[in-house]
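Written out below as structure tokens is the structure these notes cover.
Just so you know, all these numbers are worked out from the coordinates, no wet-lab data involved. Since we're looking at a predicted model, the values are computed, not measured. All Cβ positions, even for glycine, are placed from backbone atoms using ideal geometry, and neighbour counts span all protein chains on display.
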Amino acid sequence: MKNVFWLIVGVGAGFVVAHEINKSQRGRDFFEDVDSRIREFTETIGDAYKEREAELKERIDTIVDEAQETLDELRKN
């Protein structure tokens, strides 16, 4: 229970400090920079995920097609 208390205190203190920093122009610039970097990072991760997903779908489609061709050949014999 003590750890939860300190977690809540830390989060609250972090919000207070961030709010005070955001009051100055330098603070706003800092948070805008952090925000843009986080957005860039998440976009990069999202793009990489979509690219990998497309690669895997292509491989699965190839495997399914090859399996279907093999089944068709076996049925002929």
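Answer with yes or no whether PHE5 is surrounded by 10 or more Cβ atoms within 10 Å (Cβ to Cβ) and in a helix (DSSP H, G or I). Walk me through how you get there before you give the answer.
Details: surrounded by 10 or more Cβ atoms within 10 Å (Cβ to Cβ): no; in a helix (DSSP H, G or I): yes.
Taking the combined requirement at face value, the residue does not satisfy it.
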ASN22: passes all of (1) surrounded by 10 or more Cβ atoms within 10 Å (Cβ to Cβ); (2) out of contact with any Lys or Arg (no Cβ under 8 Å at 6 or more places or on another chain); (3) of a type outside the set (D, E, K, R) but (2)
